[in-house]
Amino acid sequence: MKLSVPDHSPLQSRDFIYGVATSAFQIEGASDRRLPCIWDTFCAQPGAISDGTDGHIACDHYHRWEQDLELIASLNVDAYRFSVSWPRVMKEDGSPNRSGLDFYLQLLDGLAARNIKAFLTLYHWDLPQYLQDRGGWLKRETAFKFRDYADMISRAFGDRVYSYATLNEPFCSAYLGYEKGFHAPGISDLASGRSAAHHLLLAHGLALEVLNQNSPGSFNGLVLNMSPTYPLSASAEDRHAAVLANDMLFNWYAQPVLAGTYPAAALAHLPAQAQPPIAPGDMEIIARPMDYLGLNYYTRSVYRADPDRGFTESPPTGVPLTDMGWEICPQALTDLLVDLNDRYVLPPVFITENGAAMLDRKINNRINDIDRLHYYQGHLHAVHDAILQGVDIRGYFAWSLLDNFEWTLGHEKRFGITYVDYTTQERTLKASGHAFAEFINKRI
Ligand code: FCB
């Protein structure tokens, strides 16, 4: 099977940016060459990671980066999205860790030599443990530490970086990490979740200012994840539940950055002790204009009314699922993009992650992941449809370049367009990877 889009689609243009994405903790390994982060601590807790793995080796990308760059180049992509490990590049006293910076400088040089644009994310969840020991994202001070880190990185790398993203998915850091305790640092408390969310958003705004100062030529923005919310039935109660879920979970991040306010219905839903700790001037900092918005999309979610909690998620039934148990629903990506474009004045949008975990089988050294290919096909069409409906979408990144450490699911779930054998670290391009490379190459 080949990947295709309709004739004359904007997705066939060489100006549309295609890329592949990864993140530091999920691929780098070499934890002995950096300070510990909250995910090291979390992984060490018995039972926290389903297969007992951790990030100490992962895909050993730290030692194999040149080979991985060749792999990226072989995909004909325009861009590579990766993240910098904060505890690799900065010491506890705030001074730079030269060997860590050099690692990323080599990578940036290698990308430039191959004419591949660097999309650099500053924070993909790996907070230095020493900051967590002082309260982590519960502390306002952490937002200022993040600004210092952004300052150091953008001074060192400048516009060698085509695009900086401050944070990846603050929803996951705050909600999964501090409100539900499913992710590092494993805190489960409503007020903590909302406080962490506010400090992350503040960190974003503070960092964006220094990125714009230090690297005005780069495209600077933020990456949000969204799982658009749908009502289980057409009843007014379920429809209200779906809107509230969106305001509490996803719009909780979009509205502050795009309109400078938290969603009123969500604020009203939260008890007094869980209101976000907004200081005067914060919302202006948070709503600083961005050069782009990155959106990560995997699935939609369905909600029904719940008299106690307001809304409850209803698991998918009778619909196609990925190996994560996530519904495959490309139409919801179009709906999401069109809806955001109707509600806000959007900056240009990049789809910074999209992809699927599937049950891959390696047979005769080939991985014929036709189900993943179908997933990509459907979602590329969804992006095409959104552009035709007026959304300014500039690029699309497949998650992920490699199978990697999938957080609490360890190595059990494979999202790569490249298969990784974790005993040998051998990389094998899957059928989806071959098709992606061919599709990108055939642009006009
Ligand atoms: C996103 C994360 C990414 C990866 C994918 C599957 O939420 O940004 O690191 O785990 O999900």
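The values are calculated or read from the model by the stated rules, or taken from the named source; none is laboratory data. Keep in mind that what you see is a predicted model, and the values were worked out from it rather than measured. All Cβ positions, glycine included, derive from the backbone under ideal geometry; neighbour counts span all protein chains shown. These area figures cover heavy atoms from the full protein model, side chains too; ligands, DNA and RNA do not enter into them. Shrake-Rupley method; radii C 1.70, N 1.55, O 1.52, S 1.80 Å.
Structure data summary
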read-out	value
Residues of the range 360-387 that turn out to be among the aliphatic types (A, V, I, L, M), touching a Ser or Thr at 6+ places or on another chain (Cβ under 7 Å) and over 18 Å from GLU327 (Cα atoms), as a count	2
Unique match (being within 20 Å of the chain's Cα centre (by Cα), of a type in the set (A, V, I, L, M) and in a loop (DSSP other than H, G, I, E, B)) among LEU359, LEU380, LEU402	LEU402
Check on GLU406, open to solvent by 50 Å² or more (accessible area, probe 1.4 Å), within 16 Å of the ligand (Cβ to nearest atom) and closer than 22 Å to ILE49 by Cβ	no
Check on ALA184, within 19 Å of the chain's Cα centre (by Cα), among the hydrophobic types (A, V, I, L, M, F, W, C) and over 16 Å from ALA279 (Cβ atoms)	yes
Cross-chain or 6+ apart pairs with Cβ under 6 Å, the range 411-427 first and assigned to a strand (DSSP E or B) and of a type in the set (S, T, N, Q), then within 15 Å of the ligand (Cβ to nearest atom) and open to solvent by 10 Å² or more (accessible area, probe 1.4 Å)	none
Residue in the range 237-244 that is open to solvent by less than 60 Å² (accessible area, probe 1.4 Å) and either out of contact with any Lys or Arg (no Cβ under 8 Å at 6 or more places or on another chain) or β-branched (Val, Ile, Thr) (or both) present	yes
Every residue from the range 159-186 that is more than 16 Å from the ligand (Cβ to nearest atom), within 16 Å of LEU208 (Cβ to Cβ) and in a helix (DSSP H, G or I)	ASP159
Residue list for the range 258-315, restricted to those being surrounded by fewer than 22 Cβ atoms within 10 Å (Cβ to Cβ), among the hydroxyl-bearing types (Ser, Thr, Tyr), more than 16 Å from the ligand (Cβ to nearest atom) and not in a strand (DSSP E or B)	THR261, SER314
Some residue of the range 61-76 being in contact with a helix residue (DSSP H, G or I) (Cβ under 8 Å, 6 or more places away or on another chain) and farther than 20 Å from GLU426 by Cα	yes
Unique residue being under 24 Å from ALA165 (Cβ atoms) and either within 15 Å of the ligand (Cβ to nearest atom) or open to solvent by 10 Å² or more (accessible area, probe 1.4 Å) (or both) when the list is ARG343, ARG366	ARG343
Tally, over the range 406-419, of residues that are farther than 22 Å from ALA118 by Cβ and out of contact with any strand residue (DSSP E or B) (no Cβ under 6 Å at 6 or more places or on another chain)	9
Qualifying residues in the range 109-125 (those that are assigned to a helix (DSSP H, G or I) and surrounded by fewer than 21 Cβ atoms within 10 Å (Cβ to Cβ)) - the one farthest from the ligand (Cβ to nearest atom)	ALA113
Flag for VAL338 being buried (at least 24 other Cβ atoms within 10 Å of the Cβ) and at pLDDT 95 or above	no
Residues satisfying the stated conditions in the range 409-425, i.e. within 15 Å of the ligand (Cβ to nearest atom) and either more than 28 Å from ILE440 (Cα to Cα) or open to solvent by 10 Å² or more (accessible area, probe 1.4 Å) (or both)	LEU409, GLY410, HIS411, GLU412, LYS413, ARG414
Answer residue from the range 132-147, given it is part of a helix (DSSP H, G or I), open to solvent by 10 Å² or more (accessible area, probe 1.4 Å) and over 17 Å from ILE285 (Cα atoms) and is farthest from the ligand (Cβ to nearest atom) among those	LEU138
Sole residue being modelled with pLDDT of 95 or more, open to solvent by 10 Å² or more (accessible area, probe 1.4 Å) and in a helix (DSSP H, G or I), chosen from ALA197, ALA150, ALA156	ALA156
Qualifying residue in the range 3-26 (condition: touching a helix residue (DSSP H, G or I) at 6+ places or on another chain (Cβ under 9 Å), among the basic types (Lys, Arg) and open to solvent by 10 Å² or more (accessible area, probe 1.4 Å))	no
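Okay, residues lined up against (1) touching a strand residue (DSSP E or B) at 6+ places or on another chain (Cβ under 7 Å); (2) over 30 Å from ALA268 (Cβ atoms):
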position: GLY310; (1), (2): no, no
position: ASP335; (1), (2): no, no
position: MET358; (1), (2): no, yes
position: ASN364; (1), (2): no, yes
position: ASP369; (1), (2): no, yes
position: GLY390; (1), (2): no, yes
position: ILE393; (1), (2): yes, yes
position: TYR396; (1), (2): yes, yes
position: LEU401; (1), (2): yes, yes
